[in-house]
Amino acid sequence: LIVIGAASAFLAIGKRYSEMLELGDRAPQHRPVLAAYTTDGLEGLLWGTMAVAVLGYSAWAVSAEMGEAGMHPLVLSIVPMAAVAVRASRRIFAGHAHDPTSLVLHDHVIHIAGACAAALVFIALYLV
């Protein structure tokens, strides 16, 4: 729940950040609430939510109670999950995340890393 909440907040804040970068001084006319934000404040929130999501996932993966063999794939799944976070943050900081749905659905690097993470979790939970 913590991971999903932090990742959702990360994408929502990333949308606002991208809008501010793309629209510049015209951002408050497009979306009045953007007048209350600063890019520095949004950057801090982005880093914070990304850290909570990645560290929350990592804590779950490391603390899961399972046999020694099943632990390795689960711990390894942290790497592709972190890669997804880094890829999304790079797209956000470049101003290419004004549509979070498009970011998630059309980025092949995110697809590949997500599939690797899912495969590792599946292996850890069901095959080992």
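Tabulated values for the structure
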quantity: Extreme residue, positive dipole direction of the chain, given options A124, V104, G114 (C-beta unit charges); calculated: V104
quantity: Residue-level accessible surface for I4, protein heavy atoms, 1.4 Å, Å²; calculated: 110 Å²
quantity: At least 20 Å along the helix axis (C-alpha) and Kyte average at least 0.0, DSSP helices within the chain; calculated: 2-23, 39-63, 78-93, 108-122
quantity: Within the chain: Cβ-based charge dipole about Cα centre, in debye rounded to nearest 20 (Lys, Arg +1; Asp, Glu -1); calculated: 200 debye
quantity: Calculated over region 21-62: convex hull of Cα atoms, volume per residue (Å³); calculated: 78 Å³
quantity: Alpha-carbon spread of region 28-128, three principal axes, descending order, Å; calculated: 55, 26, 16
quantity: Alpha-carbon centroids, region 72-106 and region 13-37: separation in whole Å; calculated: 22 Å
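The values are calculated or read from the model by the stated rules, or taken from the named source; none is laboratory data. Worth saying up front: this structure is predicted, and the values here are computed from it rather than measured. Counting neighbours? That spans all protein chains shown, and the Cβs are built from the backbone with ideal geometry, glycine included. Note: areas computed on protein heavy atoms with side chains; ligands, DNA, RNA excluded. Shrake-Rupley method; radii C 1.70, N 1.55, O 1.52, S 1.80 Å.
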